[in-house]
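The values are calculated or read from the model by the stated rules, or taken from the named source; none is laboratory data. Note that the structure is a prediction, hence the values are computed from the model and not measured. Counting neighbours? That spans all protein chains shown, and the Cβs are built from the backbone with ideal geometry, glycine included. Side chains are part of the model used for accessible areas, which takes the heavy atoms of the whole protein and leaves out ligands, DNA and RNA. Shrake-Rupley method; radii C 1.70, N 1.55, O 1.52, S 1.80 Å.
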Amino acid sequence: MLADDNEVGDFGSFRQLSKIQLGQEFVDEDLRANDLLVVLNHAAGIATGVTEAQIFRPKGLSWNSFKVLFILWMVGDLEQHRVAQLAGTSRATTSAIVKNLVRDDHIGQVQSTVDKRTHVLALTEGGREIVRASYLEQNELLGEWAERLTEVEQDILKILLVKLITGSGK
């Protein structure tokens, strides 16, 4: 059955429709956790999608490549597997990102002196410049987006999200 566009015209109406449908299908289930995930995922998708389209892609970057550059900018030289852990990406994904960032001369890599199976990653001067400029643009763009919330609301939201994250084992 094809959904009527009037029923599912935007995210809010989709969310309401799905809550009704799931409530009818799973009468005795508490569906709030799933609704929370749907909202969190949508909010994260908006933030990453907008920054990727307006800031990162024009510079030849992706959200994930920005994360790698940002981690190296904040932490300094780091083994590739630690970058993967901090970025929340798999080693394989991080390896592909690193390959592109090395190709574009945003980072350099040398074999670890501690573990010959891994590489230590470091920002190049060009990498430092692009991550710094990207950060400033992203901060301005997301600052405008976050202005919908008061500073207190932003702080409360961050406290609650950190509480969820620290309980997740990641």
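Using the heavy atoms of the protein chains alone and a 1.4 angstrom probe, what is the accessible area of region 117-167 per residue in square angstrom?
Accessible area per residue: 75 Å².
For region 77-163, the carbon plus sulfur part of the accessible surface works out to 54%, probe radius 1.4 Å. Remark: accessible surface ordering of Arg15, Arg148, Arg132 (largest first) is Arg148, Arg132, Arg15, probe radius 1.4 Å.
Return a single number: how many Lys pairs in the chain, at a sequence separation of 8 or more or on separate chains, have alpha-carbon atoms below 20 angstrom apart.
Summing the qualifying lysine pairs gives 7.
Remark: relative contact order (region 98-151) = 25 percent; criterion is Cα-Cα distance under 8 angstrom and separation of 6 or more residues. Here each label is just a point 7 Å from Cα along the line to Cβ, and for Lys158 and Gln16 those points are 3.3 nm apart. Look at the dipole of the chain built from charges on Cβ: of Thr124, Ser62, Ile165, the Cα furthest out on the positive end belongs to Thr124.
Highest mobility in the GNM of the chain, judged by mean-square fluctuation with C-alpha springs under 10 Å and restricted to Glu29, Glu79, Glu137, is found for Glu29. For Lys19, the accessible surface of its heavy atoms amounts to roughly 80 Å² (probe 1.4 Å, protein chains only, rounded to the nearest 10). Comparing Glu129, Glu25, Glu144 in a Gaussian network model of the chain (Cα springs below 10 Å), the most mobile by mean-square fluctuation is Glu25. Stokes-Einstein diffusion for the chain at 4 °C, viscosity 1.567 mPa s, with a Kirkwood radius from C-alpha pairs, works out to 69 µm²/s. Rounded to the nearest 20, the size of the Cβ-charge dipole of the chain about its Cα centre is 980 debye, with Lys and Arg at +1 and Asp and Glu at -1. With helices as the sole contributors, the chain gives -20500 deg cm²/dmol at 222 nm; each DSSP H run of n ≥ 4 counts as -39500 (n - 2.57), and the sum is divided by every residue.
Taking all protein chains together and rolling a 1.4 Å probe, Arg57 ends up with roughly 140 Å² accessible.
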